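The values are calculated or read from the model by the stated rules, or taken from the named source; none is laboratory data. Worth saying up front: this structure is predicted, and the values here are computed from it rather than measured. Heads up, the Cβs are rebuilt from the backbone with ideal geometry, glycines too, and the neighbour counts pull from every protein chain shown. Surface accessibility is based on the protein's heavy atoms, side chains included, excluding ligands, DNA and RNA. Shrake-Rupley method; radii C 1.70, N 1.55, O 1.52, S 1.80 Å.
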Amino acid sequence: QVQLVESGGGLVQPGGSLRLSCAASGSIFSINLMEWYRQAPGKQRELVAAITSGGHTNYADSVQGRFFISRDNAKNTVYLQMNSLKPEDTAAYYCHARGLVRIERGRTTVDDYWGQGTQVTVSS
């Protein structure tokens with residue numbers, strides 16, 4: 001069974017920093033693409049950042065220069081370093097794994113998985 005466990009969310013003052021982590025577990029061979037999404041109340045879920053297995057990154061315009069995504073393939077973990085946080089960054093943040101490859105008992109599967117979400121609140 002695959003699980004994506006997120007951590008690092010919480011309350012922070014404007015201008016502060018947080019680092020989110022998302023660790024995938026469960027007979028995982030590789031993960032092609034790992035992403036962070038966020039969703040604020042009354043708004044649609046939006047892509048924040050993405051990183052390929054080779055380390056190529058993309059960012060939403062609203063966070064570029066402030067947020068940085070990275071991954072540790074050996075640990076099947078993706079991180080989101082969030083700096084210079086603004087109140088408008090307040091949202092539930094979700095980890096998404098695309099092209100997650102499992103090899104279990106000789107069988108290979110490729111699927112997508114979502115984390116449970118972690119709340120980030122930026123307020124003074």
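Look through the range 1-23, keep the residues that are in a loop (DSSP other than H, G, I, E, B) and within 30 Å of residue 108 (Cβ to Cβ), and return whichever of them is nearest to the chain's Cα centre (by Cα).
2
Please verify whether residue 83 is touching a Lys or Arg at 6+ places or on another chain (Cβ under 6 Å), open to solvent by 30 Å² or more (accessible area, probe 1.4 Å) and more than 17 Å from residue 119 (Cβ to Cβ), treating the condition exactly as stated.
Yes; evaluated as a whole, the condition is true for this residue.
Do we find a residue being part of a strand (DSSP E or B) and basic (Lys, Arg) anywhere in the range 34-44?
yes
Considering (1) open to solvent by 60 Å² or more (accessible area, probe 1.4 Å); (2) free of Cβ contacts under 8 Å to residues at least 12 places away in the same chain, say which one residue 59 fails and leave the rest.
(1)
Quick one: in the range 107-124, which of the residues that are assigned to a strand (DSSP E or B) and either β-branched (Val, Ile, Thr) or more than 24 Å from residue 27 (Cβ to Cβ) (or both) is nearest to the chain's Cα centre (by Cα)?
118
Restricting to the range 73-106, count the residues that are part of a strand (DSSP E or B) and under 16 Å from residue 39 (Cα atoms).
8
From (1) surrounded by 14 or more Cβ atoms within 10 Å (Cβ to Cβ); (2) out of contact with any Asp or Glu (no Cβ under 6 Å at 6 or more places or on another chain), pick out the condition that doesn't hold for residue 100.
Against the list (1) surrounded by 14 or more Cβ atoms within 10 Å (Cβ to Cβ); (2) out of contact with any Asp or Glu (no Cβ under 6 Å at 6 or more places or on another chain), residue 100 comes up short only on (2).
On the given criteria, is residue 70 assigned to a strand (DSSP E or B) and modelled with pLDDT of 95 or more?
It is true that residue 70 is assigned to a strand (DSSP E or B) and modelled with pLDDT of 95 or more.
Which condition does residue 88 not pass, out of (1) out of contact with any Phe, Trp or Tyr (no Cβ under 6 Å at 6 or more places or on another chain); (2) open to solvent by less than 40 Å² (accessible area, probe 1.4 Å), if it passes all the others?
(2)
Suppose we filter 109, 90 for residues that are out of contact with any helix residue (DSSP H, G or I) (no Cβ under 8 Å at 6 or more places or on another chain), touching a residue at least 24 places away in the same chain (Cβ under 8 Å) and of a type in the set (Ser, Thr, Tyr); which single one remains?
Answer to the check: 90.
What number of residues within the range 16-56 are without any contact (Cβ under 8 Å) to a residue 60 or more places away in the chain, open to solvent by less than 30 Å² (accessible area, probe 1.4 Å) and farther than 13 Å from residue 96 by Cα?
Matching residues across the range 16-56 total 1.
List the number of the failed condition for residue 48; all other conditions in (1) β-branched (Val, Ile, Thr); (2) under 14 Å from residue 115 (Cβ atoms); (3) out of contact with any Leu (no Cβ under 8 Å at 6 or more places or on another chain) hold.
Every listed condition holds for residue 48 apart from (3).
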